[in-house]
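Reviewing the structure listed below.
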Amino acid sequence: MADIITVRDPHDPRLSDFTGLTDVELRRRREPAEGLFIAEGEKVIRRAARAGYPTRAMLLSEKWLPAMRDVIDASGAPAYVMPPELAEQVTGYHVHRGALASMGRTPLPEPEALLAAARRVVIMEAVNDHTNIGAIFRSAAALGMDGVLLSPSCADPLYRRSVKVSMGAVFSVPYARLTTWPHGLAAVREAGFRVLALTPEESALPLEAAGPHRLPRVALLLGAEGDGLSERAMREADARVRIPMAHGVDSLNVGAAAAVAFYAATRA
Ligand SMILES: C[S@@+](CC[C@H](N)C(=O)[O-])C[C@H]1O[C@@H](n2cnc3c(N)ncnc32)[C@H](O)[C@@H]1O
């Protein structure tokens, strides 16, 4: 049985994992350094716990206690109970989904280990928008991609916004960070993957013609909003492929491009 503790002081030091959640810069630095991340809402907290992330503490309103009781008890972590208006003073925003959990990070797999167990992976270069990262993980899970590799400058998939947008898919799709860029792509090719660079460039091969679903092992390389893929990264790829655009639109949002490419790569 875990401790359920009613707290009346928003400055109580036991709530420190949950303070200032709206301060993006602060949290971006603090969370990896302190080895924690925040999961929000019943479903996402359950998914994180099922994936083996240890719960450090929970913060929730009384109304959510019955629904969360089994998760709280199984976690063994303290659950701090506060009225929503006081919790808002701690976090800096209204917690619509009723419950927050601070969870401990677990070590990431090595890229080589992830690649050894995968056939279809996505690689992101410098994707630093947390919403896009979350959307890409959600599509990767839903469409059956086996793993995600991140370039060194990609944002943290366990940042609160990514976790939330992914609906917890960041816990189910394994991911790893490449430590050298773009040379780390050579190791992906050496592991037997054909690396396809997704770019809206007119000169690129249409995705359909590249037939990613026919390849025994395929890695789909995606770039960030704005800059897109760097020339250096594209030079490390085996081919450049494009999703043909209509109505004079020059490109898709990277999350939308990812979903189209994942579907093309995973259909039978
Ligand atoms: C908004 S786009 C970047 C646009 C950037 N100006 C460029 O030319 O690449 C973000 C990423 O989504 C992917 N993407 C967007 N539209 C695409 C398309 N039509 N075909 C292939 N990939 C696309 C690419 O990986 C791209 O780097």
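Let's see how each residue does on (1) farther than 19 Å from THR55 by Cα; (2) crowded, with 17+ Cβ neighbours inside 10 Å; (3) of a type in the set (D, E, K, R); (4) out of contact with any helix residue (DSSP H, G or I) (no Cβ under 9 Å at 6 or more places or on another chain):
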| position | (1), (2), (3), (4) |
| --- | --- |
| SER162 | no, yes, no, no |
| MET167 | no, yes, no, no |
| THR179 | yes, no, no, no |
| HIS183 | yes, no, no, no |
| GLY192 | yes, no, no, no |
| ALA197 | yes, yes, no, no |
Problem - Residue list for the stretch 249-259, filter: touching a helix residue (DSSP H, G or I) at 6+ places or on another chain (Cβ under 8 Å) and near the ligand (Cβ under 8 Å from one of its atoms) - result: SER251, LEU252, ASN253, VAL254, ALA258
Exercise for the section: Tally the residues that are within 18 Å of the chain's Cα centre (by Cα) and either among the hydroxyl-bearing types (Ser, Thr, Tyr) or open to solvent by less than 80 Å² (accessible area, probe 1.4 Å) (or both), restricting the search to the stretch 23-33. Expected result: 5
Handout entry: Yes/no for PRO152 being under 16 Å from ALA126 (Cβ atoms), assigned by TED's automatic domain parsing to the domain that holds ALA246, touching a residue at least 24 places away in the same chain (Cβ under 8 Å) and away from the ligand (no atom under 16 Å from the Cβ)
Key = yes
Practice task
Could you pull out the residue among VAL195, VAL170, VAL241, VAL254 that is aliphatic (A, V, I, L, M), closer than 30 Å to ARG47 by Cα and touching a residue at least 40 places away in the same chain (Cβ under 8 Å)?
Solution key: VAL254
Problem - When residues of the stretch 113-129 are limited to those that are open to solvent by 20 Å² or more (accessible area, probe 1.4 Å) and in a helix (DSSP H, G or I), the one farthest from LYS164 (Cα to Cα) - result: ALA116
Exercise for the section: Look at GLY211 and say whether it is more than 11 Å from the ligand (Cβ to nearest atom) and either free of Cβ contacts under 8 Å to residues at least 12 places away in the same chain or touching a Cys at 6+ places or on another chain (Cβ under 6 Å) (or both). Expected result: yes
Exercise for the section: Say whether the condition of being in the same structural domain as ALA135 (by TED's automatic domain parsing), β-branched (Val, Ile, Thr) and more than 22 Å from ARG194 (Cα to Cα) is met by at least one residue in the stretch 224-244. Expected result: no
Handout entry: Extreme residue, most open to solvent (accessible area, probe 1.4 Å), among residues of the stretch 223-248 that are farther than 13 Å from ALA204 by Cβ and within 8 Å of the ligand (Cβ to nearest atom)
Key = ASP227
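The values are calculated or read from the model by the stated rules, or taken from the named source; none is laboratory data. All figures in this text were calculated on a predicted structure; none of them were measured in a lab. Positions of Cβ are backbone-derived with ideal geometry, glycine not excepted, and every protein chain shown enters the neighbour counts. All accessible areas refer to the heavy atoms of the entire protein, side chains included, with ligands and DNA or RNA removed. Shrake-Rupley method; radii C 1.70, N 1.55, O 1.52, S 1.80 Å.
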